Amino acid sequence: MASDYLYYSNIWQEEPEESNPFAAKACYCSGYDVYGQVVPQASWFEYLLLMLKGERPSEAETKLIEKLAMVLANPGPREASVRAAMNAGIVGTNHSSALMAALAVGSGQYGGAQEVSICMRLWQECGHNLELWKIRLFRPEEDERADIWLPMEHAPGFDPNGDDTPTPILQALDYLTSLAPSNGALVWLKQQRSALEEEVGYPLAISGVAAAALVDLGLNQDQGNMLYLMLRLPGAAIHSLEQKKRGWKQFPFYGSAIELADDTSPVQSPIQDNTAK
């Protein structure tokens, strides 16, 4: 009967306490003793990659994911998912609602995790083939495959509302490339950025940089999607907390977009007065 209540995992193993079968005596992540080895000896990003990939990462991989996390940590109030968290903060809702708002908005196809996932799939298909990239960027959907997502309206990994590549994106690409494999996605993206931007007609976005970095880390598109969502939450959290303290009177309100009708007619009550006279 006990076998009916087992959970199966290739990632995690636990040994129960003798006095309490619902508490763990020892925890192992891909064979490593979490509290005996990993916590005392590894960094947070080594542990994160160990959980994701199931093997101990190299020093170069650990450095790359750490710096990618710093690049993505705070997209800033111009970014839609951060503003969603700010909106939740300003109305005083609970903190989990602010983070869920950021996750919901940040999961989509415009700068969100789904766009990163599509970019990573294109890396698998196109590799370093520039001509194939030029074709697939305009047709990124998988043919004849039903999905919950609408067709992409722009080339994934690029910003359709931009004219020139923003300086922080160029800085992030330059630095992350210096940490990446010489034959990897980031190096190729840096070399071909101008050609790709000229082809699509608008500049590289941070989603494109992040997708290349996640490919260089050896992650699949599902892992990349999840990680991209998580790594951007710190900025959403701190901006939400800040707006909650500042109060709604200092929060931008788009009053010019609201038109009030000039209706001076008497208000009619929907309830009849049947009181006896």
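The values are calculated or read from the model by the stated rules, or taken from the named source; none is laboratory data. Remember, it's a predicted structure, so these values are computed and weren't measured experimentally. Positions of Cβ are generated from backbone atoms using ideal geometry, with glycine treated the same way; all protein chains shown enter the neighbour counts.
For the structure I just gave you, tell me whether P57 is in a loop (DSSP other than H, G, I, E, B), over 23 Å from D159 (Cα atoms) and not β-branched (V, I, T).
yes
If we keep just the residues of the range 207-220 that are in contact with a helix residue (DSSP H, G or I) (Cβ under 7 Å, 6 or more places away or on another chain) and not aliphatic (A, V, I, L, M), which is surrounded by the fewest Cβ atoms within 10 Å (Cβ to Cβ)?
G218
When you scan the range 28-38, how many residues do you find that are out of contact with any Cys (no Cβ under 6 Å at 6 or more places or on another chain), surrounded by 13 or more Cβ atoms within 10 Å (Cβ to Cβ) and not aromatic (F, W, Y)?
5
Yes or no: the range 18-27 includes at least one residue that is under 26 Å from Q221 (Cα atoms) and surrounded by fewer than 13 Cβ atoms within 10 Å (Cβ to Cβ).
For the range 18-27, residues under 26 Å from Q221 (Cα atoms) and surrounded by fewer than 13 Cβ atoms within 10 Å (Cβ to Cβ): absent.
With the condition kept exactly as written, say whether any residue in the range 85-93 is surrounded by 12 or more Cβ atoms within 10 Å (Cβ to Cβ), modelled with pLDDT of 90 or more and either of a type in the set (D, E, K, R) or not assigned by TED's automatic domain parsing to the domain that holds I169 (or both).
Scanning the range 85-93 turns up no residue that is surrounded by 12 or more Cβ atoms within 10 Å (Cβ to Cβ), modelled with pLDDT of 90 or more and either of a type in the set (D, E, K, R) or not assigned by TED's automatic domain parsing to the domain that holds I169 (or both).
Could you tell me which numbered condition Q124 fails, if it satisfies all but one of (1) outside any helix (DSSP H, G or I); (2) within 20 Å of the chain's Cα centre (by Cα); (3) among the polar types (S, T, N, Q)?
(1)
Residues that are out of contact with any Leu (no Cβ under 9 Å at 6 or more places or on another chain), at pLDDT below 90, in the same structural domain as S178 (by TED's automatic domain parsing) and surrounded by 13 or more Cβ atoms within 10 Å (Cβ to Cβ): does the range 120-134 have at least one?
Looking for residues that are out of contact with any Leu (no Cβ under 9 Å at 6 or more places or on another chain), at pLDDT below 90, in the same structural domain as S178 (by TED's automatic domain parsing) and surrounded by 13 or more Cβ atoms within 10 Å (Cβ to Cβ), one finds none in the range 120-134, hence no.
State the number of residues belonging to the range 212-227 that are charged (D, E, K, R) and under 13 Å from L122 (Cβ atoms).
0
Take the residues of the range 94-113 that are outside any helix (DSSP H, G or I) and free of Cβ contacts under 8 Å to residues at least 24 places away in the same chain: which is surrounded by the fewest Cβ atoms within 10 Å (Cβ to Cβ)?
So, considering only residues that are outside any helix (DSSP H, G or I) and free of Cβ contacts under 8 Å to residues at least 24 places away in the same chain, the one surrounded by the fewest Cβ atoms within 10 Å (Cβ to Cβ) is N94.
Of the residues L173, L186, L204, which single one is in contact with a Phe, Trp or Tyr (Cβ under 8 Å, 6 or more places away or on another chain), without any contact (Cβ under 8 Å) to a residue 60 or more places away in the chain and surrounded by 15 or more Cβ atoms within 10 Å (Cβ to Cβ)?
Just a single option satisfies the conditions, and that option is L204.
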